[in-house]
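Accompanying notes for the structure given below.
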Amino acid sequence: MMLHYQRHHNRCSYGGFTLLELLLAVAIFSLIVMILGGAFRLVVRSWERGEEEVEDFRNTRMVLDRIAAQMKSIYPSRIKKDKKWMTALQGGSHDLQFVSSLSLQSPLVSGLVWVRYSLQDEGGRGKSFLVQEWMGAGNNVSPESHDKSDRTEVKMVLL
């Protein structure tokens, strides 16, 4: 009976995890943590990209709203060029120029302002969408005028 008790007692004293089982559990736990960490990083990167796209869309929308407001306020002006009267609305494949009663860059400006929107190639960096506004003495300085000393010009990259 004594021998039977010792065998039972020895069996109870070894009732834990073996080193192999512990190493296997740690390896499985580490694998799960790595998978969850990678998934978390993927979610964070996707979230940041989405936020950047939303911000780009908001900026683009704001610029387009401003352009629409300025185009709605086009003033039907005429200029004399080469001894002929022309409408002060000109455009090409990469630019548009007109007279407006609304200045986007200086909202406190009263009077007429010449506006030129243009698309310029920036080489390998893509293209830039620019706006130029200028106002001359008496609001009647032609954009082609050679005397630029009496006009204030502002140039800004929109997109």
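The values are calculated or read from the model by the stated rules, or taken from the named source; none is laboratory data. All values reported here derive from a predicted model rather than from experimental measurement. So basically every Cβ, Gly included, is an ideal-geometry build from the backbone, and we count neighbours across all protein chains shown. Ligands, DNA and RNA are stripped out before the accessible areas are found, and what is left, the full protein with its side chains, is counted by its heavy atoms. Shrake-Rupley method; radii C 1.70, N 1.55, O 1.52, S 1.80 Å.
The residue that is modelled with the lowest pLDDT, counting only those in segment 93-108 that are open to solvent by 50 Å² or more (accessible area, probe 1.4 Å) and in a loop (DSSP other than H, G, I, E, B), is Pro107.
Cβ-Cβ contacts under 8 Å between residues 6 or more apart (or on different chains), taken from a first residue in segment 44-64 that is within 12 Å of Leu158 (Cα to Cα) to a second residue that is modelled with pLDDT under 95 and open to solvent by 60 Å² or more (accessible area, probe 1.4 Å), are listed as Asn59/Leu159; Thr60/Leu159; Val63/Leu159.
There is at least one residue in segment 31-43 that is of a type in the set (Lys, Arg), more than 19 Å from Ser118 (Cα to Cα) and open to solvent by 60 Å² or more (accessible area, probe 1.4 Å).
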